[in-house]
1. Against the condition surrounded by 13 or more Cβ atoms within 10 Å (Cβ to Cβ), touching a helix residue (DSSP H, G or I) at 6+ places or on another chain (Cβ under 7 Å) and touching a residue at least 12 places away in the same chain (Cβ under 8 Å), how does residue 198 come out, does it pass?
2. Just for segment 151-188: of the residues that are free of Cβ contacts under 8 Å to residues at least 24 places away in the same chain and touching a helix residue (DSSP H, G or I) at 6+ places or on another chain (Cβ under 9 Å), which one is farthest from residue 34 (Cα to Cα)?
3. Please determine whether any residue of segment 225-236 is modelled with pLDDT under 95, under 25 Å from residue 85 (Cβ atoms), crowded, with 18+ Cβ neighbours inside 10 Å and over 21 Å from the mean Cα position of the chain (by Cα).
4. Is it the case that residue 123 is at pLDDT 95 or above, under 20 Å from the mean Cα position of the chain (by Cα) and either surrounded by 14 or more Cβ atoms within 10 Å (Cβ to Cβ) or part of a helix (DSSP H, G or I) (or both)?
5. For segment 51-82, name all the residues that are within 22 Å of residue 17 (Cα to Cα) and touching a residue at least 60 places away in the same chain (Cβ under 8 Å).
6. Which number in (1) surrounded by fewer than 18 Cβ atoms within 10 Å (Cβ to Cβ); (2) over 15 Å from the mean Cα position of the chain (by Cα); (3) assigned to a helix (DSSP H, G or I); (4) without any contact (Cβ under 8 Å) to a residue 60 or more places away in the chain marks the one condition that residue 131 misses?
């Protein structure tokens with residue numbers, strides 16, 4: 001694992017930060033305080049691998065800043081991106097639950113700041129506080145539902161529909177208000193967008209150009225802004241099953 005630790009002067013995790021992490025949201029301050037004492041800080045540069053697929057999972061990651069994506073590579077060399085995580089998201093939890101291996105590779109899209117909680121410490125906290133265990137089960141249920149929904153989209157939507165689904169999903173999770181609409185606060189290249197929807201970069205470029213021509217979206221560098229959400233939703237519904 002390649003990482004940059006900031007040594008003895010590294011920041012301490014704040015209880016306010018944990019309040020915004022869904023796993024710890026709504027819990028008593030005392031529980032968050034216990035968890036905070038067990039966490040370690042790490043910073044990673046852009047383009048660094050956090051863990052590889054099939055590596056043993058030993059750590060829960062809590063994102064404080066930046067973006068990462070999880071993906072797999074097929075036998076033909078084509079990438080498929082499962083998800084993107086940003087501030088207040090957690091990742092790496094699945095392999096901890098069954099003492100198994102990571103089901104995907106995780107790479108940083110930008111420089112990131114993250115807090116680490118070891119499996120042993122996480123399980124000790126969940127054993128002591130059943131409410132935290134219920135929070136984790138709820139989070140895993142949400143992830144399963146999201147994966148099921150994405151599988152449905154991949155099966156029943158064409159490239160246009162799949163791209164709309166991912167753009168609207170990212171806008172809902174990580175968007176922020178802009179002058180022209182909802183700005184997706186994730187630096188996505190066309191290659192990364194293509195891997196997110198299981199298509200080629202050329203086909204994604206063609207669809208993005210069409211959406212931009214129809215004034216449904218605006219693109220500035222790697223930033224996409226949703227200009228006409230209703231128009232995108234209409235196309236999505238028309239092209240679905």
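The values are calculated or read from the model by the stated rules, or taken from the named source; none is laboratory data. The structure displayed is predicted, hence computed values, not measured ones. Backbone-built Cβ (ideal geometry, glycine too); neighbour counts: all protein chains shown.
1. So residue 198 fits the description; yes.
2. So the residue we want is 153.
3. Within segment 225-236, one or more residues are modelled with pLDDT under 95, under 25 Å from residue 85 (Cβ atoms), crowded, with 18+ Cβ neighbours inside 10 Å and over 21 Å from the mean Cα position of the chain (by Cα).
4. It is false that residue 123 is at pLDDT 95 or above, under 20 Å from the mean Cα position of the chain (by Cα) and either surrounded by 14 or more Cβ atoms within 10 Å (Cβ to Cβ) or part of a helix (DSSP H, G or I) (or both).
5. 59, 60, 67, 69
6. Here residue 131 meets the rest and fails (4).
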